[in-house]
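Enquirer: Take a look at this one; I'll ask things after.
A short reminder: the numbers here are calculations on the coordinates, not readings from a lab. Since the structure is predicted, the reported quantities are computational estimates derived from the model, not experimental observations. Ideal geometry is used to build each Cβ from the backbone, glycine not excepted, and the neighbour counts take in all protein chains shown.
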Ligand SMILES: [Zn+2]
């Protein structure tokens, strides 16, 4: 036995108990826990820490966690890779923390969706109310192209005759006269964009006041 082999022998004997100890391990990616053994092969990222730490040479407040050179975590039986494997308690804690973050994000997204749906419903409830009660329209609403368009049931996706009848066609238009204007301003040089100008002329027949509700 030469010097190198002897050294290797010493090292193998030192590491033997590390490999032979059965351990409770877990995977932080999938939350699986299992019993297994440290391995003598693996990737840089799968190395097992040896319990030693030292301050980072350049980054203030950071520390370097040292690892055994030849001791690696085994693969997760579920994921098939070792990258997320560590001791069972840490793995489960990290996995659950990640799940909780996901759950919270989902809850926030659902809340935003509910708010959006409530606002859309409030808007269309208001449109229906003004259709039935044209006198209740506010000045702001009558200056809003989109709101007037909604009152008129435009655009007529379902066909002109199938649309919900607007108040101005039910003889309930009260004091307002409404005229829709559309000017075709042509197409961009590339042909991709079609320019139009659309607006409503609105007149209050009681006062004679008139204005445009512009897009
Ligand atoms: Zn896994």
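Enquirer: Helix 88-132 versus the longest principal axis of the chain: what angle, 0 to 90°, nearest 10, using Cα atoms?
Expert: 0 degrees
Enquirer: Please list 70-76, 101-107 highest first by mean number of surrounding beta-carbon atoms within 10 Å per residue.
Expert: 70-76, 101-107
Enquirer: Indicate the gyration tensor shape class of the range 23-101 (rounded, prolate or oblate), computed on the Cα atoms with a ≥ b ≥ c the square roots of the eigenvalues: a/c under 1.5 is rounded; otherwise a/b larger than b/c is prolate and the rest oblate.
Expert: The shape class here is oblate.
Enquirer: Stretched out fully, how many nm does the piece from residue 209 to residue 6 gain, at 0.36 nm a residue minus the Cα gap?
Expert: Gain in length upon complete extension: 62.6 nm.
Enquirer: Sorted by average packing, counted as other Cβ atoms within 10 angstrom per residue and highest first, what order do 109-118, 142-151, 184-193, 91-100 take?
Expert: The densest-packed peptide leads the list: 142-151, 91-100, 109-118, 184-193.
Enquirer: Please report the Cα spread of the chain along all three principal axes, rounded to whole Å, starting with the longest.
Expert: In descending order, the Cα extents are 111, 42, 39 Å.
Enquirer: Calculate how steeply helix 3-20 sits against the longest principal axis of the alpha-carbon atoms of the chain, using the helix alpha-carbon long axis, and give the answer as 0 to 90 degrees to the nearest 10.
Expert: Helix 3-20 sits roughly 60 degrees off the main axis of the chain.
Enquirer: Between residue 123 and residue 182, what's the calculated FRET efficiency when r is the beta-carbon distance and R0 is 35 Å? Round to 0.05.
Expert: 0.90
Enquirer: Beta carbons within 10 angstrom, averaged per residue: use that to sort the peptides 37-45, 23-31, highest first.
Expert: 23-31, 37-45
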